[in-house]
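The block underneath contains the structure these notes are about, expressed in structure tokens.
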Amino acid sequence: MFDQVRPEDLAYVGKDSGRIDATEKLTGEALYVSDMTVPGMLYAAVKRSPHARARIKRIDTSKALALPGVRAVVTGAELDYRLGLYVVDKYILAKGEVRHYGEAVAAVAAETYAQARRAADAIAVEYEPLPPVLHHMEALKPDAPRVHPDLGSYDHIAAVFTPKPGTNIANHTRLRKGDTEKGFAESEWVVEREYSCPSVQHVPMETHVAIAKWARGDQVEIWTSAQSPFTVRNLFCHAFKLPHNNVRVHIPYVGGGFGGKAGIGVEPLAAVLSRAAGGRAVKFQATREEEFSLLPCRSALTYRIKTGVGADGKIRAQEMTMYWDSGAYADYAVNVTRASGYSAAGPYEIPNASIDAYTIYTNKPFGTAYRGFGHVEFHWGLERHMELVAKAIGMDPLEFRRRNALRPGSITLTGERITDHTGDVVKCMDAAAKAIGYGSLTAEEKERERKTGRRIGKGVAALHKAPAMPSFTATAVIIKMNEDGSVTVNLALTDYGQGTYTSIRQIVAERLGFPLEKVKVSFECDTDKDPYDWQTVASKGLLLSGNAAILAAEDLLKNAYEVAAQVLRANVRDLAHDGKRIYLRHNPAESVDFARIAVGYAYPNGNGIGGPIIGVGRYVAQGLSNLDKATGQGNPALDWTYGAHGIVAEVDPETGEYEVLKIASVFDVGKAINPQIVRGQSIGGMVQGLGTAVCEGYIYDEKGILLNPSFTDNKIPTAKDIPAVIESAVVETPQIDGPYGARGVGEHSMISVAAALGNAIQEATGAEIVHMPLRFEDVWRALRDKTPIDNWITKSPLGSCRSAPELRNRKKDG
Amino acid sequence: MVHEFQYRAPRSLSELLALMAEHGTSAKVLAGGTDLLPNIRMGIAKPAFVVDCKRLPDADRLVFSPAEGLRMGHGVTISAVLRDRTIREKFPLLAEAAHELASHQVRNRATVAGNVVNASPCSDMALPLLCLDAVAVLTSTSGERTVSFREFFTGPKATVMKPGEFLAEIRVPASSADRKGRYAKLKRVKGHDLGIVGVMLASSPEGLRVAVSSAAPTPVLVSGIGRGLDAEAVDALVQKAIKPIDDVRCTAEYRRYMVGAYIRRLLPEVSR
Amino acid sequence: MTITLTVNGVSYTRDAPENKTLLHFLREDLGLTGTKEGCGMGECGACTVFLNGRTVNSCCVLAVEADGAAIETIEGEAGPAGLSEIQKAFDRNHAVQCGFCTPGMILSVKELLKAVPKPTVEEIKEAIEGNFCRCTGYEQIVEAVLDVTGQGPKGRLDHV
Ligand SMILES: Cc1cc2nc3c(=O)[nH]c(=O)nc-3n(C[C@H](O)[C@H](O)[C@H](O)COP(=O)(O)OP(=O)(O)OC[C@H]3O[C@@H](n4cnc5c(N)ncnc54)[C@H](O)[C@@H]3O)c2cc1C
Ligand code: FES
Ligand code: FES
């Protein structure tokens, strides 16, 4: 939906405009589900598993039921509903077996939270602990315990995913392009390395929370802190076999999501309690501790990459194997695996490639979408790998990247041809490199090194990502004209902080030619009132909903013009409008105000015509296809957003302590609809990326107990942790089918930050780090060639579960 | 919170001591509550009585006199330490440690007394108190005693305090005024974090002192280190006194190394 | 226990269970839900309020401890004339995304500006280190504080 319009002819698009939700949020008036109560509401608490894997022998709820205030107790045994979008593998409460530490086995609803908590604590569960399988590489062994022995019987989307019954593999995504054997044979160098990162938590400041009321006649109403109202409804209705029009989902303000609230969460639990309590509403809010282990996290990854490079520095072949740790349930992880699989080589052209990406069940809290949808994790490996390969062949890493970058005419892994308007990754890399003064130290930096004894290093890492979504992902926007000629925009894409609604408002005002003040985008989504949207994920929101908004605006104008044409007794072609009225182009004095036709026009004698003016815009992703299961060939990408980060890090070579002095990032966003919002996404993502790069991650003991489910030992960045200098920039290569040329950038800001940091630290000190995060101790160890600490699963308290330590750089003979 | 308790806010010391004598270990003093209330929430502490000591007269008294030295009432908050000019000028080590403790909001509430009674191995305030020869004034219905902080800590979250005893005041002798020193705290983030390891170097009449946190079951003080020893020698002495462990925050090996690294970093500044 | 306290200048007398935190008292008993709970453990600062003129994490204060106290919450920040200067600066600088940390953040900034009218960047970061924000990356918040104290231009997005 890109028309060549000169920027100076745009009234709102491309310009800064205040956030529409600012005032409510600044005054504390914005209502989040955690703030809400419903008359007669009960509070829920869950009983959770202390084991990573155990058979549930007996659950005794009698003591709980006898406690004051208790109105309902439910256990897994009485619930026969499984949840899932791609692989339907999860019960609402564990049934028969618990599969991860912290999994819910029973739940209580009571008059107060304290009563519910006490009752949940009073539930006695007898377990038979079973040996857990904790590391995903262990889980691949033939004799490893099976996390889901019944995998073969689970519903799944067979056109897209390939579970391997009888193993712990929930999905195998396979891709073959060209002939890798030939490519390796032509290569001058072959470098093979392995990279890994642990599971991490999204940490939305508002934990998961839902209120559900299961009223008589199976009418269910849900208020939830979630990203995707229609997905909550859809999965809910599938699980409970309810007609979709029985279930109504409301989403008011949401205190952050980052992918963790993309699918269905705690809603079914609150709903079954409500049903058991005779239809009283029930609220369940996860505590921060529960957020870490009851609710999903980001999957861990082990990524092996073998690259063959020709004498010219061009990659000839690449073999990529991804081992994704889905934890106990894989509904989202299979799609993370799929999306990462087809993007696995980053923004580079690889003529001969093979990819095998496995989603692996383990007995740990389960993985889900997290900002970047796998791309943060694998770009860590990939962009460290590009650096290490470049060093191994003696080429400057930036030059090596440039030489292999996707350009117009390049063919992607899935066979898509890159065009002039796909975006420009080289420009992004070069701009990021320039921003940090890549390649040398300034006199000032040298002086600083001399004074402090610390070493300064600069690193760049590039990235790409396309929305990971079904090929036919759709959305709709409705614009309703109000009595005074202003409009209200309804859509079910949620704005949980990204600012999309503010941008949509600018797009609508621009397309309508109305002043901004006349356009309201309504917060609080409601599946009964808003038009369908698939999910608020994948950085597809602005593109799909923005297009739908343009179409809706055009539809609204068309409808308004039709009425105005009658009123003005003119041909529609002869009409024009401004923010207030529709008039005759050849006689602007002849006009009718929007306000007079907004809800139907009345002639002087009282006769009415028209009726309320509404515009509808529907948009569906076009031209995408499922990937061939054997070769991975097809067209998965709605759009590609390219980008790059540059980092200047200062490292104490003695202790491994370091500081990020500067971070710069550049994304080809097509068009920055609202520059400050793009900047907010860009900085927010960078800092979140730094958190996972520097210190975040789940640490388990050898029994699979999560050791750091709190802010005490799972630190996230504070204001003091941000680099002194943060720069963000955009390239604007218009996306021809994007609204005003725009494409998404919500997730991209987080991708490759860790790799850029790893590259900068290596540049500063030579520390060759291949495992995330980069704690000071990790740097220190890398500098001393000590065995890396590997306490992501500790063997009381330290141990090692790294696979394939023998993999090292090697230069091919001759 | 789920756990139920009775709340008492005595207006006099004798009333407080009587309550504590009566309820023994089932009573817990509530100062800033920044340790106690999270612990109750997590089910780690389950007192039947919570005795708020902030309503006692003079709780936040903070005075210095050349005769009596620095006297800090039990209610003196970390923020009050940071705001106090005398402390900044005469006992900069207290201010330096206070500045490293938690976040602004926590410091506004957390007390020095609560920090030491809590007796975490990673206590920030323990280090300057050890370096400055501070003493704790412990009161109970059976009388008052004074315990040097060198004897105060007995294990992780354990002190010499007996049931019914109340830490009424912390005293820092005037003779410790103007002791120079520096503090380095290793954290996982630059923002507020418990110390992974903390090292304070301070001068004293009998030689150099090194206090270390998070590297043994209690905060550790090594004193009487001969002047003129180089960093390696100082480190060797300190290494003998600490007993770090592996945990989720880091390994014992790195803790040991960082203690040495901080000694090497701070020693030149302190000996200057 | 019956307690009397003033919140944003209004006096309330209520019965409060002894084990109820000030945070839950404000939210549940007085309906002042602008103060948020992010952890309940003193770590995140979402529950920041003024207690007798200083900011505290209200999840680590018992309601009964606030008997006789003066409390200020985010609901008292905007006056009849509209948003306060700090709020306006947050708005201008896009210092709000999901908004969940925002009430606490604003009060921490207010506490800082009471003591330091023209804070440095370091002072600003230190003042808000106890307020976690997972969305913004803090930079635009720091810029908002610089802006409201008349220091420095707005941050900008560069076009390459
Ligand atoms: C987010 C967060 C971050 C933190 N960061 C740090 C940090 O960086 N460094 C650090 O050292 N600590 C830290 N702490 C711990 C805590 O804030 C400090 O230990 C604080 O000084 C405790 O003081 P308080 O007044 O809040 O104690 P309280 O919680 O009121 O009491 C602590 C214990 O001491 C007892 N007690 C208190 N006063 C007396 C008395 N006068 N007589 C007898 N018993 C008494 C109480 O019964 C309780 O058992 C942190 C806490 C939080 C929540
Ligand atoms: S809720 Fe109080 S500090 Fe997090
Ligand atoms: S704006 Fe979402 S946590 Fe700060």
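Every number here is computed from the coordinates shown, using simple stated rules; none is lab data. Just so you know, these numbers come straight off a predicted model, no measurement behind them. Here the Cβ positions follow ideal geometry from the backbone for every residue, glycine too, while neighbour counts run over all protein chains shown.
Under the convention that each Lys and Arg Cβ holds +1 and each Asp and Glu Cβ holds -1, the size of the dipole of the protein assembly as shown around its Cα centre is about 1080 debye.
Neighbours of A:Ala139 by Cβ distance under 13 Å: Lys/Arg scored +1, Asp/Glu scored -1, total +3. With a cut-off of 20 Å on the backbone N, the residues of region C:48-90 near the modelled label site 7 Å out from C:Ala115 along Cα-Cβ are C:48-61, C:70-74, C:86. One decimal place: the segment A:Lys446-A:Leu65 gains 130.1 nm when fully extended, by the rule 0.36 nm per residue minus the C-alpha distance. Taking a ≥ b ≥ c as the square roots of the eigenvalues of the Cα gyration tensor, an a/c ratio below 1.5 marks region C:72-152 as rounded. Working from label points 7 Å from Cα in the Cα-to-Cβ sense, the A:Glu78 to B:Asp58 distance is 6.2 nm. What FRET efficiency, computed as 1/(1 + (r/R0)^6) with R0 = 22 Å and r the Cβ-Cβ distance, is obtained for A:Lys164 and A:Thr321, rounded to the nearest 0.05? The computed FRET efficiency comes out at 0.90. Ellipsoid semi-axes for chain C, based on the Cα gyration tensor and the rule √(5λ), read 30, 15, 13 Å when sorted largest first. Coordinate range of the alpha-carbon atoms in region A:233-320 per principal axis, descending: 73, 33, 24 Å. For A:Tyr561, the shell of other residues with beta-carbons less than 11 Å away shows a net charge of -2, using +1 for Lys and Arg and -1 for Asp and Glu.
For A:Asp526, the residues 5 or more places off, or on other chains, whose built amide H falls under 5 Å of its own are A:Ile251.
Annotation: the residues A:Trp534, A:Trp324, A:Trp189, sorted from fewest to most other C-beta atoms within 10 Å of their own C-beta, follow the order A:Trp189, A:Trp534, A:Trp324. Within the straight-line cut-off of under 20 Å between alpha carbons, the lysines reachable from A:Lys671 are A:Lys15, A:Lys427, A:Lys465, A:Lys540, sequence neighbours fewer than 8 places apart in one chain being disregarded. With Cβ to Cβ distances under 12 Å as the rule, what net charge do the other residues near A:Leu706 carry (K, R +1; D, E -1)? The answer is -3. When the Cα atoms of chain B are aligned to their principal axes, the ranges along those axes come out at 54, 45, 32 Å in descending order. Taking other C-beta atoms within 10 angstrom as a stand-in for reagent exposure, A:Glu267, A:Glu192, A:Glu696, A:Glu290 fall in the order A:Glu192, A:Glu290, A:Glu696, A:Glu267, fewest first.
Placing a pseudo-label 7 Å from each Cα along the Cα-to-Cβ vector at A:Ile411 and A:Ala595 gives an inter-label distance of 6.2 nm.
Rg and Dmax of region B:122-190, both derived from C-alpha coordinates alone, stand at 14.1, 45 Å. Backbone phi angles across region C:103-116, fed through the Karplus curve with coefficients 6.51, -1.76 and 1.60 (θ = phi - 60°), yield HN-Hα couplings of x, x, 4, 5, 5, 5, 5, 4, 4, 4, 5, 5, 8, 10 Hz in residue order; Gly and Pro are listed as x. Taking 18 Å as the cut-off, the amide N atoms of region A:446-478 that come nearer than this to a point 7 Å along the Cα-to-beta-carbon line of A:Thr419 belong to A:466-467. I need the shape label for chain A. Rule: rounded when a/c is under 1.5, else prolate if a/b > b/c, else oblate, with a, b, c from the alpha carbon gyration tensor. Verdict is oblate for chain A. Mind giving me the FRET efficiency for B:Thr86 and B:Met42? R0 is 51 Å, r the Cβ-Cβ distance, nearest 0.05 is fine. E(calc), rounded to 0.05, equals 0.85. Rounded if a/c is under 1.5, else prolate if a/b beats b/c, else oblate: with a ≥ b ≥ c from the C-alpha gyration tensor eigenvalues square-rooted, which is region B:182-270? The shape class here is prolate. Note that region A:133-138 has calculated 3J(HN,Hα) couplings of 10, 9, 8, 5, 6, 5 Hz, one per residue in order, obtained from phi through the Karplus relation 6.51 cos²θ - 1.76 cosθ + 1.60 (θ = phi - 60°); glycine and proline are x. Backbone geometry of region A:694-707 corresponds, through the Karplus equation with coefficients 6.51, -1.76 and 1.60 at θ = phi - 60°, to 3J(HN,Hα) couplings of 8, 8, 7, x, 7, 10, 10, 8, 6, 9, x, 7, 6, 8 Hz, x marking Gly and Pro. With q set to 0.13 Å⁻¹, the log10 of I(q)/I(0) for region C:2-76, from the Debye formula over equal scatterers at the Cα positions, is -0.29.
For A:Arg58, A:Arg511, the sequence from fewest to most other C-beta atoms within 10 Å is A:Arg58, A:Arg511.
Once the chain from A:Arg784 to A:Glu128 is taken as fully extended at 0.36 nm per residue, the excess over their C-alpha distance is 231.7 nm.
For chain A, the 222 nm mean residue ellipticity estimated from helices alone, with every DSSP H stretch of n ≥ 4 adding -39500 (n - 2.57) and the total spread over all residues, rounds to -7500 deg cm²/dmol. Please list, in order, the residues from region A:308-337 whose amide nitrogen is less than 17 Å from a point placed 7 Å along the Cα→Cβ vector of A:Asp143. From region A:308-337, the list is empty. Its convex hull of Cα atoms gives region B:62-172 a direction-averaged projected area, equal to a quarter of the hull surface, of 6.6 nm².
Rounded to whole Å, the principal axis extents of the Cα atoms in region A:716-784 read 52, 26, 18, largest first. The simple Förster model, with R0 at 25 Å and r as the Cβ-Cβ distance, assigns A:Met395 and A:Ala185 a FRET efficiency of 0.75.
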